[in-house]
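Okay, structure first, notes after.
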Amino acid sequence: MTDLADADTRPDGEQVDPTMEWHKTACVLCSNNCGVEVRLDGRTITRVRGNKAHIASKGYTCEKALRIDHYQNARSRLTSPMKRMPDGSYLEVDWDTAIAEVSAGLVGVRERHGDKTLYYGGGGQGNHLGGFYASATRAAFGITRRSNALAQEKTGEAWVEGRMFGAHTHGEFHEAEVAVFLGKNPWHSHGFDESRRVLKAISADPDRSLIVIDPRRTETADLADHWLAVKPGTDAFLLAALGAVLMEEDLCATTWLNENAVGPAETMAAFATVPIADFADRCGIDEATIRTVARRLAAAESVSVYEDLGVEMAPFSTLVSYLHRAISMLLGNFGKPGAHVAHTWLIPLFNYAASGRESLDPVTGTAVISGMAACNDIADGILSDHPDRTRALFIESANPVHSLAQSEKFRQAMRRCEFSVVIDVAMTETALQADYVLPAASQYEKAETTFFSFSFPDNRTWLRPPLLTPLGESLPEAEIHTRLVESLGLLDDSDVEPLRRAAQQGYEAFAAAFAEVTAANPSVGAVSAALLYRTLGPTLPAGMENAAAMWGSAQMVAQKYPDQVQAAGHEGEGSALGSALFDAMLRNPDGVVFTRHQHDDAFDLLRTPDQKIQLAIPQLLDELRELPNANQQHTSEEFPFVLSAGERRAFTANDIMRDPSWRKKDPEGALRLSPADAESLGVTTGARVRITTPGGTAVAVAEVTDTMMDGHVALPNGLGLSYSPAGGEPEVTGVAPNELTLTDWCDPIAKTPWHKHVPARLEPVDR
Ligand SMILES: Nc1nc2c(c(=O)[nH]1)N[C@H]1C(S)=C(S)[C@@H](COP(=O)(O)OP(=O)(O)OC[C@H]3O[C@@H](n4cnc5c(=O)[nH]c(N)nc54)[C@H](O)[C@@H]3O)O[C@H]1N2
Ligand SMILES: Nc1nc2c(c(=O)[nH]1)N[C@H]1C(S)=C(S)[C@@H](COP(=O)(O)OP(=O)(O)OC[C@H]3O[C@@H](n4cnc5c(=O)[nH]c(N)nc54)[C@H](O)[C@@H]3O)O[C@H]1N2
Ligand code: SF4
Ligand SMILES: [Mo]
C-alpha cells in the first residue's frame, strides 16, 4: 500500500501521498494519443486510466495504454551520448564533445559534397516536437533532403490527394452513415478517436452500415454489416467493379458533381468500361454482393472511407488510393457531416504545394512526393555510385534499419555513409550502425505533442506537460538541436538577449521583438524554432521550455485562419490571437479546439484550381482502363503463399516497445495461417514454421486460425527487436518482418513497399 513517509504537504496543509496523485499525459503508442492519467511511484508509472476530461478521447483507451511504463522504463534507454569506435563498440562521450563532433561531421560532408545529407524521421506516434526543432538544424546545416515513414505508406495517397484536393482529407467516422475500412483494422490500429466505441455504435445502429474490405476476418470485420473478403492484392478490381455498378445503375450524384468537380464525364466513362463479372471473379467477391454494396453506398447520406496499409502496401496501391476516392466523390461525399473533409493543420505533415510538379530524386528518378524521398530508395541510392548520392544520414525518432524494407541493405547503407547520427531514447538496430548516438529524453520527460490533428469542423490539439525529469544525461530534442545550431555561431547574444528581455515583458512585447529580429536577420528567422526555445522557453512553466516553438505554430495558424481560431474561443487580433491560442494550449493538458469551421466552408480548404475537386487523374484513368490486362498473380510454385508482413495486433506498437514482456498475448508474434494450410503443412498452433521469401528466411511460431484465408499468412509488425532483460546479451524475440522484404517490391509511382503482399514459402521445422 502507500508509504506515507513519502507524503508531500500542500500549501493548505493537507497531506498528500504523491503516489496517489493522478497526472495528465497521453498514450504514445499510436497516433490517437489518447489522454490518460497516471500515478507515479518515483520514476515508475504504476497506474494508467483514461482521462475523461480529454477533448478527443473522452476517457477511452485500449489495452496498450496500461503498459506505457515498459516504454518509459525500458532497460534499453540511452543515458549518455555515444561515439562509435573503429571496432564497432560505443564510447560514452560528454555532450560538448558530441555536439562539436556531430557539427563538424555534418559540416565536413557539406564541404566535400554539398547538400548530400538526408534527414530521416522527426517523430513517432506521440512526439512531433523533435522534428519541429530539427527544422532549425536542417536550415543551419543546409540539409534539404528529407524523408520519414510517411514515405513508405502515405505518399501514394498524398500523390492522389494532392491532385484531387490539393489537401489532406479525412473521414468523419463518428457521424458517417456508412463507414468503409479498406485494408484497415481500426479495432487494433485505431486511427480515429474512440475507435472501438465508434465501430460498435455503427454496428449496433440499423440505419448505419459498416463495410470492411479485408482478406482476413479481423475484429473489425466481425462487427461489419458487409465484410468483403477480397483476395489479397485485388482491391483495384473490386473497387473498379463497384464504380462500374454506379455507372450501370446510374447512381452518381450528377448535379452535385457538375457544380463541385472537374472531370466527372471522363472519370465516369473510364469506370463504364470495366467488365464487372470478370473483375468480381478476379477479386473473389460475387457480383451480387458488389451490387448490394454499391447500392448501399449510393443510398447513404454520408460515406467515409479509411484506406490503410492493407491497400497502401499492396499491388495497385496508388490506383486503389484513387479509385475509392473517385467513388466517394462520384456519390457526393465531400464537405458534409459524416463525409470526407479537408482540415487545418498545426504544422502540416504533408506539403501539397508541389503536387503535380513533383521534383525527381536526383539519384533514382523517383517522384519526391510531398517533399519526401521514397523510403524504398534511400538505401539503394546510398549504395549506388551515383555522384549525387546521399553521403550522410541524420536520423531522429525512427528505426529505419528495422522498419524499412530489406533491413540488411539499410544497415550497409549506414555503414557506407561518411557520417551518421541517431537521436533516440533507445539503443536501436539503427543506432547500432550510427557514428554518433544522442540520447533523447523520453516522451514523459519533456513537453510533447503531435501534429496528427485531422479533425473537422473542430480541430483539436493537446500539449502534454512532462511527468519526470530527463533520465541520465538525456536531453529534449529542442536542446540538442539548439546546441547544434549554436555550434555554428548562428544564434549569438545580440539576437537572443533582446528577445529574452521582451519575453519577460509578455507576449505582446515578445511578438514585436521577434518580428523585428527575424525580419532583420533571415538566417536567424530560418532557425526560429531554436530561437524561440532559447528566448521564450525559459519564461514558460518548468518542464515546458521545449513547447516554445508551438508559439510559432500558433502564430501561423492564427494568421492563416483568424476567423476559425476566434470561432474556437480564442481572443485577440494578429499576433495577440496567436499568443492567446498558444497560452490556451499551455494551460490545457486536456486539449483545446484550435480552429472551428462550418461544413459550408469545407471547399475553402481545397487548394485546387477554382477550389473544385479534380476528379479525373489521367494517368490513373489510363491504368484503370488497362486493368483488364494487368497481372494480379504474384505467387508461384516456388512461393505459393502471400505473406502480410507486419500486421497490427493487440500488443504491437511499431518499434516503440522494445521490452518483449510488455505483451500480454502472442509473446513471440505468431505466423497466422488458415486451418487448411496448416493441415497441408502438417502443423498445429505452437509449431515452428520456416518462412522463406525472395528477401530472406526466418522461423516463426504458428497460430492456426479460421480468420485467415487459404493461401494468406500474416506476421505482426514491431517484432524482432533485440532487448536484454537483465542487461546482458541482447535477445531477439519474434521475426523482424523486414528481414523478409525487398526494396524493389513496391508501387511504381510512390515506391511504397508491398509489405502486405510478399510471396512466400512455408515449411514445418522439426525440433
Ligand atoms: N496496435 C497497433 N496499432 C497501430 C500500430 C501498431 O504498430 N500497433 N501502428 C500504427 C501505424 S504506424 C499505422 S500506419 C496503422 C496501420 O493500421 P492498419 O493498416 O489497420 O494495420 P495492418 O494490420 O498493418 O493492416 C490492415 C489490414 O490490411 C489487411 N490486408 C492485408 N492484405 C490486404 C489486401 O490485399 N487487401 C486488403 N483490403 N486488406 C489487406 C490485413 O489483413 C489487416 O487486417 O496502425 C497504427 N496503429
Ligand atoms: N514490413 C513492414 N514494415 C513496416 C510496417 C509494416 O506494416 N510492415 N509498417 C511501417 C509503418 S506504417 C511505419 S509508420 C513504420 C514505423 O517505423 P519508424 O518510423 O521506425 O517509427 P517507430 O517504430 O515509431 O520508431 C520510433 C523510434 O523512436 C524512438 N523514440 C521513442 N520516443 C522517442 C523520443 O521521445 N525521442 C526520440 N528521439 N526517439 C524516440 C523509439 O525508440 C523508436 O526507435 O514502420 C514501417 N515498417
Ligand atoms: S494505443 Fe490505444 S490507448 Fe494508446 S493512443 Fe492508441 S488507441 Fe489510445
Ligand atoms: Mo504507419
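Annotations
- Residue in the stretch 159-175 that is open to solvent by less than 30 Å² (accessible area, probe 1.4 Å), within 13 Å of ligand 2 (Cβ to nearest atom) and either at pLDDT 95 or above or not in a strand (DSSP E or B) (or both) present: no
- The stretch 370-390 - residue that is of a type outside the set (S, T, N, Q) and in a loop (DSSP other than H, G, I, E, B) and, of those, nearest to L349 (Cα to Cα): G371
- Residue match in the stretch 103-111 (condition: small (G, A, S), within 18 Å of H481 (Cβ to Cβ) and touching a helix residue (DSSP H, G or I) at 6+ places or on another chain (Cβ under 9 Å)): yes
- Any chance L210 is touching a Phe, Trp or Tyr at 6+ places or on another chain (Cβ under 9 Å), within 25 Å of A272 (Cα to Cα) and either of a type in the set (D, E) or not in a loop (DSSP other than H, G, I, E, B) (or both): no
- For beta carbons closer than 6 Å, sequence separation of 6+ or different chains, a first residue in the stretch 536-553 that is under 12 Å from D583 (Cα atoms) and open to solvent by less than 10 Å² (accessible area, probe 1.4 Å) and a second that is in a helix (DSSP H, G or I) and not hydrophobic (A, V, I, L, M, F, W, C), the qualifying pairs are A548/Y533; A548/G537.
- Scanning the stretch 201-257 for residues that are touching a Lys or Arg at 6+ places or on another chain (Cβ under 7 Å), open to solvent by less than 10 Å² (accessible area, probe 1.4 Å) and not polar (S, T, N, Q) yields a count of 3.
- Scope the stretch 228-270; condition under 15 Å from F316 (Cβ atoms) and among the aromatic types (F, W, Y); matching residues: F237
- Pairs, first in the same structural domain as P716 (by TED's automatic domain parsing) and open to solvent by 20 Å² or more (accessible area, probe 1.4 Å) in the stretch 298-312, second at pLDDT 95 or above and more than 7 Å from ligand 1 (Cβ to nearest atom), C-beta under 9 Å, six or more apart: none
- The residues listed here are G728, G695; of these, the one that is open to solvent by 20 Å² or more (accessible area, probe 1.4 Å) and either at pLDDT below 95 or away from ligand 2 (no atom under 15 Å from the Cβ) (or both) is G728.
- For the condition outside the structural domain of D747 (by TED's automatic domain parsing), more than 24 Å from T461 (Cβ to Cβ), within 16 Å of ligand 2 (Cβ to nearest atom) and not charged (D, E, K, R), T155 qualifies.
- Matching entry among R649, R658, R596 (being touching a helix residue (DSSP H, G or I) at 6+ places or on another chain (Cβ under 7 Å), among the charged types (D, E, K, R) and open to solvent by less than 50 Å² (accessible area, probe 1.4 Å)): R649
- Qualifying residue in the stretch 607-630 (condition: at pLDDT 95 or above, under 30 Å from R761 (Cβ atoms), of a type outside the set (S, T, Y) and part of a loop (DSSP other than H, G, I, E, B)): yes
- Within the stretch 176-200, considering residues that are in contact (Cβ under 8 Å) with a residue 40 or more places away in the chain and part of a helix (DSSP H, G or I), the one farthest from ligand 2 (Cβ to nearest atom): R197
- Within this structure, E429 passes the test of being more than 26 Å from E571 (Cβ to Cβ), within 16 Å of ligand 2 (Cβ to nearest atom) and touching a residue at least 60 places away in the same chain (Cβ under 8 Å).
- When the stretch 424-465 is limited to residues that are away from ligand 1 (no atom under 16 Å from the Cβ), part of a loop (DSSP other than H, G, I, E, B) and among the aromatic types (F, W, Y), the one that is least open to solvent (accessible area, probe 1.4 Å) turns out to be Y444.
- A single entry from F279, F271 fulfils the requirement of being more than 19 Å from M329 (Cβ to Cβ), modelled with pLDDT of 95 or more and aromatic (F, W, Y): F279.
- Annotation: G166 fulfils all but one of (1) without any contact (Cβ under 8 Å) to a residue 40 or more places away in the chain; (2) touching a Lys or Arg at 6+ places or on another chain (Cβ under 8 Å); the unmet one is (1).
- Applying the criterion of at least 2 residues that are polar (S, T, N, Q) to the helices (runs of 4 or more DSSP H) found wholly in the stretch 281-333 leaves 287-299, 317-330.
- Test result for E571, without any contact (Cβ under 8 Å) to a residue 12 or more places away in the chain and either out of contact with any helix residue (DSSP H, G or I) (no Cβ under 9 Å at 6 or more places or on another chain) or not in a loop (DSSP other than H, G, I, E, B) (or both): no
- First in the stretch 243-263 and farther than 15 Å from I290 by Cα, second anywhere and among the basic types (K, R) and open to solvent by 30 Å² or more (accessible area, probe 1.4 Å), Cβ under 7 Å, 6 or more apart: N260/K612; A261/K612; V262/K612
- In summary, G183 fulfils each of the numbered conditions (1) in contact with a Gly (Cβ under 6 Å, 6 or more places away or on another chain); (2) surrounded by fewer than 20 Cβ atoms within 10 Å (Cβ to Cβ) with the single exception of condition (2).
- Candidate set: the stretch 116-158, residues that are of a type in the set (A, V, I, L, M) and open to solvent by 20 Å² or more (accessible area, probe 1.4 Å); chosen: the one nearest to ligand 4 (Cβ to nearest atom): A149
- For the stretch 31-48, a residue qualifies if it is assigned to a strand (DSSP E or B) and either within 16 Å of ligand 2 (Cβ to nearest atom) or touching a Cys at 6+ places or on another chain (Cβ under 9 Å) (or both), and the qualifying residues are G35, V36, I45, V48.
The values are calculated or read from the model by the stated rules, or taken from the named source; none is laboratory data. Only a predicted model underlies this, so the values are computations on that prediction, with no experimental measurement involved. Heads up, the Cβs are rebuilt from the backbone with ideal geometry, glycines too, and the neighbour counts pull from every protein chain shown. Heavy atoms of the whole protein, side chains included, go into the accessibility calculation; ligands, DNA and RNA do not. Shrake-Rupley method; radii C 1.70, N 1.55, O 1.52, S 1.80 Å.
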